[in-house]
Every structure is written in C-alpha cells, then in structure tokens.
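Below is one structure, written out as structure tokens; the observations come after it.
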Amino acid sequence: MDEEEDCPELVPIADNLQNGQTDNKIPVSIITGYLGAGKTTLLNYILTEQHNKRIAVIINEFGEGSAVEKSLSISQAGELYEEWLELRNGCLCCSVKDNGLKAIENLMQKKGKFDYILLETTGLADPGAVASMFWVDAELGSEIYLDGIVSVVDAKYVMKHLREEKPEGLINEAARQVALADVLIINKTDLVSEEELHAVRQALRSINGHVKTLETQRSRVELKDILDLHAFDSFSGRGLQDKLEINSSLPHLDKSILTVTFEVAGIVNEENLNLFIQNLLWEKNVLDKSGHPMEVIRLKGLMSLKGNSHQVILQGVHELYDFETTPVRWQESSERINRMVFIGRHLDKDILKQLFLSVVTDT
Ligand SMILES: Nc1nc2c(ncn2[C@@H]2O[C@H](COP(=O)(O)OP(=O)(O)OP(=O)(O)O)[C@@H](O)[C@H]2O)c(=O)[nH]1
Ligand SMILES: [Zn+2]
C-alpha cells in the first residue's frame, strides 16, 4: 500500500481551463491502450508523418525493465525519439510529483516550448489516474493542458481483455481505457474478420457510446482526428475529476502481472528460439515453480541471430509473434547480446533465463 500513499491529494487547478482559454498552453494527449495494442506504432507513425508541429513524446514503460525496453523501442524508431523520458515507476500516477510532471517540466526547460506533447502510458495504466496528474500541479497547469485521451485497442484481443476478471478492488484496465477515451482507435483490423470487427464495435459502443471511433491498420490515423480535440475545455478541475471518477485509494494496478527482463551474451539459433517461444506462447507448457503455466501477454526482444549480421527485433502479443531485421549492424568489435522482455503472469525469471540460455549457440 506504500505506493498508493504516495499518490498526492488532487487539487483542482484554477479555473484557467475554462472558457477554452488554452491559447498559449501546450496540449498534452494521453495515448493509452492495453499491452501490445499499437501505441508505439501510433507514435512512430505520428512522428514520421509530415506535420508542422514540434511534438515531444513521453513514454511510460511498464516495470523494472524500462532501460531495456527503452533501448528496444529506440532501436525501432531510429533517431525519431528525440525526446525520451523514462518514468521509472511502473505506474505514472503513483509517482506523480517525482516523475510525471517533473519529467515534463524538465523536458520543457531543456528544450523550450513544444507545440504538442504525446504521453504514452503503460498498457496497464488507468488513464483516469494519469489524466488526474494534469490538475494536481497548479504551476504546470498554467503551461500545459490535457487535450484528450486517445485509446488504441487491439481488434484481435480486445474482447479477451475486456472479459478478464480482476481480483476484488482492481479495475479492468482495458475497460477503463475504453470508457475514458475521447477517441478510440480500433487497430489491427487486418487480423479480424468483418464479423469479429462488428462484435468489437458493439462491445466498445456498449462501454463508451458516444466516442469517435477510427479503424486502422498499423495505427495509421489522420493527425487531425486525434490531436487538438479540446475534450476537456469545458470542464473545470472539479468537473474533470468527476468525469474521471478518481478514487486514488483504490489499487489500480494488477500486481499479478509482472515484467521479467534479462540480457544474455551470444548468438542464438533461430530454430531453437522458435521452439522456445512456441512452447511458451502456443503450447503453454513452460511452468513456474508452483506448476502454473507461464502466461505471456507481451514479449519483446533484441536478438542476435546466427547468420544475421543485423540486430533483430522480436515482438509478441499473446500468441502472435514475429521477427524484424533492423538496419542496425552488430559491431565487429563488440560483444553480441540478446535482450528479452516478458510481461505476463506466473513468470519466473530463473526458469525463463535457463531455457533461453539453452538456445544460445556460441558466444
Ligand atoms: N497485424 C498487425 N500488427 C500490428 C498492427 N499495429 C501494430 N502491430 C504490431 O503489434 C505489435 C505491438 O505494437 P506496439 O505499437 O509496440 O504496441 P504497444 O501498444 O506500444 O505495446 P506496449 O508498449 O508493450 O504496451 C508490434 O509487433 C506491431 O508491429 C496492425 O495494424 N496489424
Ligand atoms: Zn497509481
């Protein structure tokens, strides 16, 4: 409960969000969505699109592995992530003063003004709790304002995420992300049939009836559909709080979901690696010490594969996974390594690492 006690009291900022007086302020959009839904894909897309805005991106990755995850996402996005802030604590709202707003303050001090800030939350965040950051700090409230909440859903897995039962007192973060959205992006429509998509639309509409909905592949949206929504302009601090129904005393992170990360030197045999991953994701026959099958929701890796002189990124969401060779070459001079990130339940680091070591061929 320690962590929860660190959450500061919510203090509505002065009424300067009223009357749409947002002229000199910098809009912040919260990009939320369950693990693997396509948030980073969306940010990459926005950053590579032609636009006249200076956009800063802040990413809040989940769990202890943030340094590892950072390096993975950076190698994916190349030079694009000029602005990168690591908000260490898995939960942004629980570290509000120390991390979230401080990070934005530092960013603005360092880089001057931006036209726009995009804040990607972890897949397990309650966007309401994150949104509440924006009226706890009166000073910052005068410089930035919350423009809207954009939620990305995975067309293939959203039904599974919505149905997931949580232990008492925990919210279903997937449902919360849909409920609080000002714009919903139904992503990965390539992975579902028209009937499945129809069912997804209905399920989402039953949770959030009036939300603007976009349907995408690879999170390709029109910028004008997700930026400058002014979704909160007509709310005073208190009204916003009511909308979000914040109850900061409720635990909101599902502690049964954890992150395991490790780094192993060497070169991996692709065939054996596939077997390792398939046992984990498909056969589900990799057990933890008490005999539970490990459940992987999200998998990321930076791989050094035999016969490939370039770095390879491994991406997995539930049972889907693939490899992508990056333009980055391994340096002759330095050691080749493999970095793995697993997010899920019943994960055991020692067991996963041992199994992984068995697929490393040489060093
Ligand atoms: N088939 C398909 N795959 C997609 C689509 N959009 C994204 N992906 C893939 O889904 C995986 C996860 O995408 P990300 O953008 O990293 O997801 P995320 O929401 O940032 O993930 P976390 O930060 O781990 O919560 C990657 O392998 C993407 O390439 C899509 O429209 N169709
Ligand atoms: Zn929190």
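For segment 329-338, state whether one or more residues are touching an Asp or Glu at 6+ places or on another chain (Cβ under 6 Å), open to solvent by less than 50 Å² (accessible area, probe 1.4 Å) and in a loop (DSSP other than H, G, I, E, B). The answer is no; no qualifying residue exists. On the basis of being within 16 Å of ligand 1 (Cβ to nearest atom) and at pLDDT 95 or above, does Ile277 make the cut? So Ile277 passes the test.
Applying the criterion of at least 2 residues that are over 17 Å from the mean Cα position of the chain (by Cα) and in contact (Cβ under 8 Å) with a residue 40 or more places away in the chain to the helices (runs of 4 or more DSSP H) found wholly in segment 142-228 leaves 158-163, 194-207, 223-226.
So that you can scan it fast, the table gives a plain yes or no per residue for (1) open to solvent by less than 50 Å² (accessible area, probe 1.4 Å); (2) at pLDDT 95 or above; (3) closer than 27 Å to Leu47 by Cα:
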residue: Asp182; (1), (2), (3): yes, no, yes
residue: Ile186; (1), (2), (3): yes, yes, yes
residue: Asp190; (1), (2), (3): no, yes, yes
residue: Ser193; (1), (2), (3): yes, yes, no
residue: Ala203; (1), (2), (3): yes, no, no
residue: His210; (1), (2), (3): no, no, no
residue: Thr216; (1), (2), (3): yes, yes, yes
residue: Glu222; (1), (2), (3): no, no, yes
residue: Asp228; (1), (2), (3): no, no, yes
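The values are calculated or read from the model by the stated rules, or taken from the named source; none is laboratory data. Not measured: the values here are computed from a predicted model. Note that each Cβ is placed from the backbone with ideal geometry, even for glycine, and that neighbours are counted across all protein chains shown. Accessible surface is based on the protein model in full, side chains and every heavy atom, while ligands, DNA and RNA are left aside. Shrake-Rupley method; radii C 1.70, N 1.55, O 1.52, S 1.80 Å.
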